[in-house]
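The values are calculated or read from the model by the stated rules, or taken from the named source; none is laboratory data. Remember, predicted model here, so these are calculated numbers, not experimental data. Virtual Cβ from ideal backbone geometry, glycine too; neighbours counted across all protein chains shown. Remember, those area values only see protein heavy atoms, side chains included, never the ligands or the DNA or RNA. Shrake-Rupley method; radii C 1.70, N 1.55, O 1.52, S 1.80 Å.
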Amino acid sequence: MEFPKFKAATVQTSPVFLNVEKTVDKAISFIVEASKNGAQLIAFPEVFVAGYPYWNWIMTPVQGSKWYEQLYKNSVAVSDPAITRICEAAKTNNITVVIGINERGDSYGEIYNTNLIIDNHGKLIGKHRKLVPTWAEKLTWTSGDGSSLKVYKTKIGPIGTLACGENTNTLARFTLLSQGELIHIANYISLPVAPPDYNMAEAIKIRAAAHSFEGKLFTIVSCSTISKEIVDALRPDVPNVDELLTRKNSAFSGFIGPNGAVIGEPLIDDEGMVYADIDLEKCIQPKQMHDILGHYNRFDIFDLRVNVAPTRKITFIDNHDDFNKK
């Protein structure tokens, strides 16, 4: 049995706001740099392509409507050329990529907060749609379903992912753990508009540490930042936007080991990319103590059922031919 060892990279930066092509250019530049530095996995922030709906938090729904339209126009389908470019970059640079996108649905009112998992051969092996948009996000995103609660086998190990607040969902996290997850990608956005007593960076670290400690695995956190470009774009509609979107301790990116401790120095608020060496063999000893998938659980007492069927919007029933035969 093999226990992969590899270098991983995680990115903390902002997208080119509501610009798919330029954001993909930026993502590819990070992919190339990470690969040159020996990384076999790179994680990008939540909805990195191509922006987060901050207007939901600082404008009324009516004011934010025009911004939703811009976001929809800059959402992507997984078959779009922009995603093909990212897949090609993953293949060319022999690196696994996990990246957040605004995924365009069939209806103009349908956008999903989606994480893509692209292997080192450039194949899109999976996508996870955020199950429940958090708080004000419900003004923008459609909920995903259980069909995307999956763990994906890759050259470097089994990977699962959840976006932002759903890393607080204990049952969603256990669903991934139960499928053998050993590498968890948790991606976030910077959220300075959280309540005054809510330290976003610390909250991100706590959630990552909880999942790593409970599951005895590695968590890789990637969080976006808020660029001056984003602030300036929203200023005409929100004059006090600087006050609302520039609070410190709003972004955390880094690595958590199977013991729940931070590996190396994380990025807090600052833009950049950091690396860590991942050794999946280090998941063994902690599981000897508390393996909630085996000896440290009672499945005769606890029974979790997960509906993994894709949501069906409509079922067409045509009994006309049967009626005519009678």
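Among the residues of region 45-65, which ones are outside any loop (DSSP other than H, G, I, E, B), open to solvent by 10 Å² or more (accessible area, probe 1.4 Å) and either among the aromatic types (Phe, Trp, Tyr) or within 17 Å of Val241 (Cα to Cα) (or both)?
If the condition is that a residue be outside any loop (DSSP other than H, G, I, E, B), open to solvent by 10 Å² or more (accessible area, probe 1.4 Å) and either among the aromatic types (Phe, Trp, Tyr) or within 17 Å of Val241 (Cα to Cα) (or both), then Asn56, Trp57, Ile58, Pro61, Gln63 are the ones that fit.
Going by what's in this entry, would Asp318 be described as of a type in the set (Asp, Glu) and at pLDDT below 95?
Details: of a type in the set (Asp, Glu): yes; at pLDDT below 95: yes.
When the stated conditions are applied, Asp318 passes them.
Checking the condition of a type in the set (A, V, I, L, M, F, W, C) and touching a helix residue (DSSP H, G or I) at 6+ places or on another chain (Cβ under 8 Å), which residue from Ala203, Ala163, Ala186 passes?
That would be Ala186, the only listed residue that is of a type in the set (A, V, I, L, M, F, W, C) and touching a helix residue (DSSP H, G or I) at 6+ places or on another chain (Cβ under 8 Å).
Restricting region 159-193 to residues that are open to solvent by 30 Å² or more (accessible area, probe 1.4 Å) and over 15 Å from the mean Cα position of the chain (by Cα), which is nearest to Ile268 (Cα to Cα)?
Initially, region 159-193 is screened for residues open to solvent by 30 Å² or more (accessible area, probe 1.4 Å), giving 168-171, 174, 178-180, 182, 193.
Add one more test, that the residue is over 15 Å from the mean Cα position of the chain (by Cα), and what stays is 170-171, 174, 178-180, 182, 193.
Details: Thr170: 25, Leu171: 28, Phe174: 28, Ser178: 31, Gln179: 31, Gly180: 30, Leu182: 25, Val193: 16 Å.
So the residue we want is Val193.
For the subset of region 256-270 comprising residues that are closer than 11 Å to Lys205 by Cβ and either of a type in the set (Asp, Glu) or in contact with a strand residue (DSSP E or B) (Cβ under 8 Å, 6 or more places away or on another chain) (or both), which member is surrounded by the most Cβ atoms within 10 Å (Cβ to Cβ)? Quick ask: steps written out before the conclusion?
Of region 256-270, the ones closer than 11 Å to Lys205 by Cβ are 256, 260-262, 266, 268.
From what is left, the residues that are either of a type in the set (Asp, Glu) or in contact with a strand residue (DSSP E or B) (Cβ under 8 Å, 6 or more places away or on another chain) (or both) are 256, 262, 266, 268.
Working: Ile256: 26, Val262: 18, Pro266: 23, Ile268: 19.
Result: Ile256.
Check every one of the strands (runs of 3 or more DSSP E) wholly within region 86-182 and list those with 3 or more residues that are farther than 21 Å from Ala208 by Cβ. Walk me through it before giving the result.
On the way: elements: 96-104, 111-118, 124-129, 152-154, 157-163.
So the answer is 96-104, 111-118, 124-129.
Filter region 219-246 down to residues that are open to solvent by 30 Å² or more (accessible area, probe 1.4 Å) and touching a helix residue (DSSP H, G or I) at 6+ places or on another chain (Cβ under 8 Å) and give me whichever is farthest from Lys66 (Cα to Cα). Steps first, answer last, please.
First, the residues of region 219-246 that are open to solvent by 30 Å² or more (accessible area, probe 1.4 Å): 226, 228-229, 232-233, 235-237, 239-240, 242-244, 246.
With the extra rule that they be touching a helix residue (DSSP H, G or I) at 6+ places or on another chain (Cβ under 8 Å), the set shrinks to 226, 235, 237, 242, 244, 246.
On the way: Ile226: 20, Arg235: 14, Asp237: 11, Asp242: 21, Leu244: 20, Thr246: 23 Å.
Among them, the one singled out is Thr246.
Condition check: among the small types (Gly, Ala, Ser) and under 19 Å from the mean Cα position of the chain (by Cα). Does Gly100 satisfy that?
Working: among the small types (Gly, Ala, Ser): yes; under 19 Å from the mean Cα position of the chain (by Cα): yes.
Spelling it out, Gly100 is indeed among the small types (Gly, Ala, Ser) and under 19 Å from the mean Cα position of the chain (by Cα).
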